[in-house]
Amino acid sequence: MNYFVPNFGLDHEVLGYKENLKVAETQLNHKLQIETDPPKGPPKDYFVPNFGMDHEIATSILNEKEASSNMGHKWVVPDKDSVPAAPPKNYFVPNFGLDQDILGAKENLKVAEAQLGHKLNIETDPPKGPPKNYFVPNFGMDEDIAASLKHLNQQESIHGRWELPESMVQLDSNVQADREPLMAKVGVPKSKVGGHPTNYFVPDFGMDEDIITTQSNIKAQKIKFPGASFVQTDSEINREPLLSYSPTIADPPFKMNYFVPNFGLDHEVLGEKENLKLTEEKLGHRLSIETDPPKGPPKDYFVPNFGMDHDIASSLSNLKEAEATGGKM
């Protein structure tokens, strides 16, 4: 305790906030006033209207009255001033043996271990932490970064070195409605339709790397599987639905069609049935569960025609333009 603590001055973030506040006050011509007076306490001794008994309390009293009538027993609430007796403790608790669910689980485990010839070993040691300080191989520069740098070099060789001016970096929050908000203040085309620029220069960086890779993969697969179709046009159900051809199915790595013993009805289901029977006798009412099948979905109703979907129309238009450039697809 009582050791020396050096004073490094005001925190940089506090200094930054103060400087930002000063600039903002100058721009807005307004001085920020922070109230330092303590807030007033909550109101006291005011009029509270009486809206009568709460609906939930009234409903609870009505439900208790009906339950007492049905069960032939009057629920007597002890007086609030009377002190209830302490709950019993240190009394004899009979031992009825191991729970039926645990016995059933042990028996089922024993049968399963005998059938599979394998003893279940449950690890109780805490799991090891994640690996640390391991070797991470260097696979070189990411393909996307390499492609971006390649495209940048190509454009700089044509248009000159790209120098990012300060005017293209947004340093304030002044709203300017006369420009595209995602563009810098310079180089905004004057031609606008509907409030946004049109007919401006868009550089051609060539075909996207992902498209090139996809086309290369399709070409390699066509060589590997000549005559195979890579577009699903049927609905074969004896194959993996995400594959476009029917491969030879290897033997499954897990057992199939093996014997499953019948241990009878589950203990919890038996207990539920017994409890349901006792409750029905007590209430003089039989539980009826509706088994009628639900009605099917509506049919033959009117569906308005809003015309072709915009996405489909755009896709067809894009396909037509692409086919005009690259040939029929």
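Apply 1/(1 + (r/R0)^6) to the Cβ-Cβ distance of Asn153 and Tyr200, taking R0 = 30 Å, and write down the FRET efficiency to the nearest 0.05. Walk me through the numbers on the way to the answer.
On the way: r = 23 Å, r/R0 = 0.76.
Step by step, r from the Cβ atoms, then E = 0.85.
Segment Lys31..Ile223, full-extension length gain: 61.7 nm, with 0.36 nm per residue of separation and the alpha-carbon distance subtracted. The 3J(HN,Hα) values that the Karplus relation (6.51, -1.76, 1.60; θ = phi - 60°) gives for the stretch 107-118 are, in residue order, 5, 5, 5, 4, 5, 5, 5, 5, 5, 8, x, 9 Hz. Gly and Pro appear as x.
Past the 24 Å Cα-Cα mark, which pairs from Lys110/Lys255; Lys74/Lys273; Lys150/Lys320; Lys128/Lys255; Lys222/Lys255? Check vs 24 Å cut-off fails for Lys74/Lys273; Lys150/Lys320; Lys128/Lys255; Lys222/Lys255.
For an R0 of 22 angstrom, estimate the FRET efficiency from the Cβ-Cβ distance between Ile122 and Tyr258 and round to the nearest 0.05.
Values: r = 24 Å, r/R0 = 1.07.
Using R0 = 22 Å, I get an efficiency of 0.40.
Taking a straight Cα-Cα cut-off under 23 Å and skipping sequence neighbours fewer than 8 places away in the same chain, the lysines within cross-link reach of Lys80 are Lys65.
Taken together, the values in this text are just the output of simple stated rules run on the coordinates, not laboratory data. This one's a predicted model, so the numbers in the text were calculated from it and none came from an experiment. Glycine gets a Cβ as well: all are built from the backbone with ideal geometry, and neighbour counts include every protein chain shown.
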